[in-house]
Structure formats: C-alpha cells, structure tokens
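Peer 1: A single structure is presented below for examination.
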Amino acid sequence: MDGEFPLWEVFVRAKNGLAHRHVGSIHAADAKMAIDGARDVYTRRMEGVSLWVVPSAQITASDPGDAGKLFEPAADKVYRHPTFYVVPDNIKHI
Amino acid sequence: MYVQDVKQGATNDRPKPMAVEDPSRLAAFEARVAADEFIEPKDWMPEAYRKTLVRQISQHAHSEIVGMLPEGNWISRAPSLRRKAILLAKVQDEAGHGLYLYCAAETLGTSRDEMTAALLAGKAKYSTIFNYPTLTWADIGTIGWLVDGAAIMNQVPLQRTSYGPYARAMVRVCKEESFHQRQGYEAVMALAAGTAEQKAMAQDALNRWWWPSLMMFGPPDDQSPNTAQSMRWRIKRDTNDELRQKFVDVTVPQAEAIGLTIPDPDLVWNEEKGGYDFGTPDWDEFFAVVRGEGPVAMERMEARRKAWDDGAWVRDAAMAHAEKQSQRIAA
C-alpha cells in the first residue's frame, strides 16, 4: 500500500501535576494532524488536559531478549530498599 | 539530598517586581497556584517564578552531585562488603537524583551545560553541608541519618510543590531517600552498640554533624528574604525554622534511643509547645560556608572541575562514535 500515514505514539496528561502517559497510537500525515486525530480518538471523555505525539519510528526500544541482562541484576540488590534495614519499633520517624 | 535556597551572587538576585507582565495573566497564575494547582512547562508563568525555580532546582541538583564526594571518599574503605555495596548503591542514587533534577530544570528553558558551567565557575551554590569533611567511617552513617533525614524533611513537602516536573522528580527522590536514612541510622546504631571506641566514634561524628545539619534548613526566617514569595508560589511549603524544629523533634529521641548525646547544652523539652527548645546554630559560620569558605569547599570544586575535564575525552568520543554510526547508516 502506498502513501500510508506514518504512525505516532500518543501520550495524555490526565491533569496538571501528573506526567503524560502512553495511551496508544494513531496514523496521521503530520504532527498537527496527529494531535487532532489523537484528540478525537483518545480524549472524547475528558481523559486529559494535554497531548503529546511522537513519531513511532523515533522511539528506540530495548530488546526483549536483553531483559534478563538489563533488569535481573536489580533482583539481588535488596539493600536498595528501606525495608532491608532493621530498625527497632521504638525508633520513630525513620 | 537537598536544596537550601541560598541567595547566590549579588543581592539583586531576589525576585524582581513583576510590573512588566500582563496583570490579568499574572492574576490568573497567582489564583491557580493559590488553589494548589500544578503549573506545567507550557503554561504561562511569571519570569520571576521561572528564574527562582531554575535557581532552586539547579542548586538542588548540584547538591546531589557534589553530595557524592564526601561519601564517595569512603567507598574503598567501607568496613565490610555489605557496607560497601550499600554505600555504592547510595552514591549511585545521588547521581540519579541529580539527573532527575537537572531534567526538571531543563523544562524551564535552561540547559544542562549552562547549569554545569555555573557550578564549575563558582556562580551556582549547593548545600553548605557538603563543604564539611568526612573524617571517619562514623561520618558516613551519620550523614545518612542526619543529612538524608533533614533532606527528607525538606523534600516530602516539595512533592506538592507547584511546578509539576519538580514535584514529580521529588516523588521519585523521596521514594529512594528512605533507604538512605535507614542504612545510615543502622550503621550508627551498630557503632553505638559496639566497643567503647566505636561508640566514641559515633558520638564524635554526631558532635561534628549536628549543627551543620541544622543549618541545612537555611537561615532563620527573619533572615530569609525569599521565603514569603516562595511560599506564596508553593515553591516552598514550610519555613526554614518550622522544618528545623520538626527535624530536632524527631531526631533527638532517635539519638537518645541508642545512647548518643545531642551536642547542645540548651536542648530541653518544652511541654507547652510540644517540642524541644534548642540552641542557636553559628550563623556566622553558615554565611561563611555559603560564601565558599567551608572547610573543604575548594577541594569539592576542584574535584568537580577535574571530573569535568577528565571526562571531556569520553564525551567527545561518544559524540564522534554516534556521528560515525549515523553516517554508516546513511551510506
């Protein structure tokens, strides 16, 4: 198929104070039309106050095959969590 | 760690009058902030709000980065593998906190390089606490307990600060900070329950870090000209003296519980106010440290400049590599 619209990833900020969150994607010819399209597709019920669109091709994702070597090393570092440290019950606010 | 909001450079650094700005926009902005709404990067904001935030967030970021130095000093000499792994993880977190904060400041239109240049030129401030030396292992535990404890006290309310990206950075930071304080207290607890020599070492560290920790909350309210404006803008949620009182009230029982003595002869429980009365920090010392006269201020700045200069070839090599790769793909 020729001339397919490029794909855009859509992010919505539900309200000020919260980060934009990925909600899905949309096909559109340019950024302006992607915003318009995303507005119609993703915010018909007051889902947000702000939209971001990013060309999907611009996103570099980690390889799922690398997930082990990327994320498993965190598993044996329990000392990064506050609950690892035993503080007697009579010590407050810590 | 944490921001002190000290004035930097000349006194004309105070927020300027905002007469040049559209009064209706300004009124709308003030009303939004007063209603505890969040301001996001693309929202209109007064120039003085933007400037104050850039100063505060970049000072906060610099504090995280310089704050790695006193603790990094003990990584190779930690008394056990366990303590070493913990300290490494903590220092790594501080680097991360610096990065969250630099990114939050960049949403206000400044750049990482601009902020770094201001730090290295000595124009930007960072928390006075990091201009004190870490002389013994007990200092590392004490920093976690007191310095990170004071940081938490300051940062928890900043999770509701009016500027969205700053508030969100604080949420991440606070989540990680609790480990820092607990590992510190645990390390001090171990020393306090150890030999007489170890206990003396813990007491000595407390003696040296107590007053600088109280100074972390900044000058007394009557000498803090930016406080009123910053509180109105919800950039600050409690005054310096309020936070200092809170810190003393929660920390004194923690010291007592492990048999350590707070080095303040004026410290006494005041039943009426439901808090401790305590002595006055040496504010002359504080302002001297702010001016850059802290015991190891020169050493800290030299270390940062050296890190920047020594890292230049790595930055250059990474950019050259990226360029080469993109040429290869294009070819």
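Rule-based calculations on the coordinates, nothing more; no lab input. All values derive from a computational prediction rather than experimental measurement. Note that we place each Cβ from the backbone using ideal geometry, even for glycine, and neighbour counts take in every protein chain shown.
Peer 1: Looking at segment B:205-294 from every direction and averaging, what is the projected area of its Cα convex hull in nm²?
Peer 2: Its Cα hull, projected and averaged over all orientations, spans 7.0 nm².
Peer 1: Collect residues whose amide H, placed 1.01 Å from N in the peptide plane, falls under 5 Å from the amide H of residue B:39; neighbours closer than 5 in sequence don't count.
Peer 2: B:163, B:164
Peer 1: For the residue pair residue A:66 and residue B:307, what label-to-label distance in nm results when each label sits 7 Å from Cα along the Cα-to-beta-carbon direction?
Peer 2: So the two model labels end up 2.5 nm from each other.
Peer 1: On to the next question. Hey, what number do you get for chain A at 222 nm if only DSSP H runs of n ≥ 4 count, each worth -39500 (n - 2.57), divided across all residues, to the nearest 500?
Peer 2: -5000 deg cm²/dmol
Peer 1: Just want the answer: with Cβ charges of +1 for Lys and Arg and -1 for Asp and Glu, which residue in A:57, A:90, A:70 is farthest toward the dipole's positive end in chain A?
Peer 2: The Cα lying farthest towards the positive end belongs to A:90.
Peer 1: Answer rounded, prolate or oblate for the protein assembly as shown, using the Cα gyration tensor with square roots of eigenvalues a ≥ b ≥ c: rounded when a/c is under 1.5, else prolate when a/b is larger than b/c, else oblate. Before the final figure, lay out each step's value.
Peer 2: Values: a/c = 1.83, a/b = 1.44, b/c = 1.27.
Since a/c reaches 1.5 and a/b is larger than b/c, the shape of the protein assembly as shown is classed as prolate.
Peer 1: What are the ³J(HN,Hα) couplings of segment B:129-146, residue after residue, when phi is run through the Karplus curve with 6.51, -1.76, 1.60 and θ = phi - 60°? Round to Hz, x for glycine and proline.
Peer 2: 4, 7, 9, 10, x, 9, 7, 10, 4, 4, 4, 5, x, 5, 4, x, 5, 7
Peer 1: Follow-up. With the cut-off at 28 Å, tell me which of the pairs A:69/B:84; A:32/B:324; B:175/B:246; B:51/B:324; A:69/B:125 have Cα atoms farther apart than that.
Peer 2: Working: A:69/B:84 23 Å; A:32/B:324 33 Å; B:175/B:246 20 Å; B:51/B:324 38 Å; A:69/B:125 39 Å.
Flagged as over cut-off: A:32/B:324; B:51/B:324; A:69/B:125.
Peer 1: Follow-up question, since we're still on this one. How large is the helix-only mean residue ellipticity at 222 nm for chain B, computed as the sum of -39500 (n - 2.57) over DSSP H runs with n ≥ 4, divided by its residue count, in deg cm²/dmol to the nearest 500?
Peer 2: -19500 deg cm²/dmol
Peer 1: What ³J(HN,Hα) values, in whole Hz, does the Karplus curve 6.51 cos²θ - 1.76 cosθ + 1.60 give for segment A:8-23 when θ = phi - 60°, with x put for Gly and Pro?
Peer 2: Taking θ as phi minus 60°, the curve returns 10, 8, 10, 10, 10, 8, 5, 7, 4, x, 9, 6, 5, 10, 5, 10 Hz for segment A:8-23.
Peer 1: Here is a follow-up. Output the 0 to 90 degree angle, nearest 10, between the alpha-carbon long axis of helix A:31-42 and the longest principal axis computed from the alpha carbons of chain A.
Peer 2: Value to nearest ten degrees: 70.
Peer 1: Report the full-extension gain for the segment residue A:4 to residue A:29: residue separation times 0.36 nm, less the Cα-Cα distance, to one decimal in nm.
Peer 2: Working: separation 25, 0.36 × 25 = 9.00 nm, distance 0.83 nm.
Stretched fully, the residue A:4-residue A:29 segment lengthens by 8.2 nm.
Peer 1: Then there's this: Between residue B:120 and residue B:31, what is the label-point separation in nm under the 7 Å Cα-to-beta-carbon projection?
Peer 2: Once both label points are built, they end up 4.7 nm from each other.
Peer 1: Just to be sure I understand the rule: take each whole DSSP H helix in chain B, project its Cα atoms onto its long axis, keep it if the span is 24 Å or more and its mean Kyte-Doolittle hydropathy is at least 0.0. Which ones pass?
Peer 2: Flagged H segments are B:81-106.
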